[in-house]
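The values are calculated or read from the model by the stated rules, or taken from the named source; none is laboratory data. Fair warning: this is a prediction, and the values are worked out from it, not measured in the lab. Here the Cβ positions follow ideal geometry from the backbone for every residue, glycine too, while neighbour counts run over all protein chains shown.
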Amino acid sequence: MFIYQTMISRTSDGLPLSASTDRISPSSQSKINLQEGFQQLKLVCKRATHFADRCSYIVGPLAIYFISALNITYSVLCDVSYPSVLAFSFLNDVQREFLLDYDKSKVDAALRPYSLIAFAGIGGRYIPLGVSGCSALFMSALCSALHLLHGFNVLGTGVVDVYDEDFTQYAAAFFISFVLTGFQIYLMLVPVKKKTALAGATLASICLCQLYVWEYKNSIVAILFYVAVASFTTFIICTRRLEEKQKQYML
């Protein structure tokens, strides 16, 4: 017995706001027509205003359960044999987490379908950091603090130096590195869309900043340390998986 898809939509017009992207394949595609189930799920969401706030709908071997509150409909497509108590419990959990992340104004202001697809309550949240993840977090925080410290030190040196402009540019590179490293920490802790592309671009930018301050530091060991930490953090970001919320409701 599986949950195949979860969808969050706006009750007033049926606009889909978020949906699970990973669909569990059934044991036999010949027995279950999932495509029809997905179409019926979308149709139910569009007509949610015609149903009670808590309702179920049978589609052959599939069942759709949904609840509506505050102009938001939470629906799930699953096997018809799936217990309704668990289905509604799952939807209540999704509703609770969605309302923590988004208020009514964001729902009402949504114009495009799936504009709130970044919501992590359907797919899950990050699995807790292991030893390697905690190490990357600690080293990134250390590098971020060092970048900030170097930036202020360079500004202090540049005040009394003839080459004021050069030192200002070095300081800017350190401050940019500070922001980029902080953004890496954010990517490590918060699920976002296109995290791999963002992590790669951030790593490339950090490497460019380190190359720019090469003349000031004049230490290949320091440069390699910052690049290595940034690369390791990028690896953690790209390989960190979400904890699938639906698994605890699988039978």
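Annotations for the structure displayed:
- With a requirement of 3 or more residues that are at pLDDT 90 or above and surrounded by 14 or more Cβ atoms within 10 Å (Cβ to Cβ), the helices (runs of 4 or more DSSP H) lying completely within region 125-219 that satisfy it span 131-158, 164-189, 195-212.
- Pairs meeting the criteria (first residue in region 84-99 and assigned by the TED database to the domain that holds residue 73, second residue part of a helix (DSSP H, G or I), beta carbons under 7 Å, at least 6 apart or on different chains) are 86/249; 90/249.
- Annotation note: Cβ proximity below 6 Å between a residue of region 219-230 that is without any contact (Cβ under 8 Å) to a residue 40 or more places away in the chain and a residue that is hydrophobic (A, V, I, L, M, F, W, C) (sequence gap 6+ or interchain) occurs for 227/207.
- Hits in region 53-83 (condition: touching a residue at least 40 places away in the same chain (Cβ under 8 Å) and either in a strand (DSSP E or B) or closer than 18 Å to residue 42 by Cα (or both)): 62, 68, 71, 72, 73, 74, 75, 76, 77, 78, 79
- Subset of region 59-115 (residues that are of a type in the set (Asp, Glu) and loosely packed, with under 13 Cβ neighbours inside 10 Å): 103, 108
- Scanning region 180-218 for residues that are within 17 Å of residue 137 (Cα to Cα) and among the charged types (D, E, K, R) yields a single hit, 195.
- The numbered conditions (1) at pLDDT 85 or above; (2) in contact with a Gly (Cβ under 7 Å, 6 or more places away or on another chain) are all true for residue 229 except (2).
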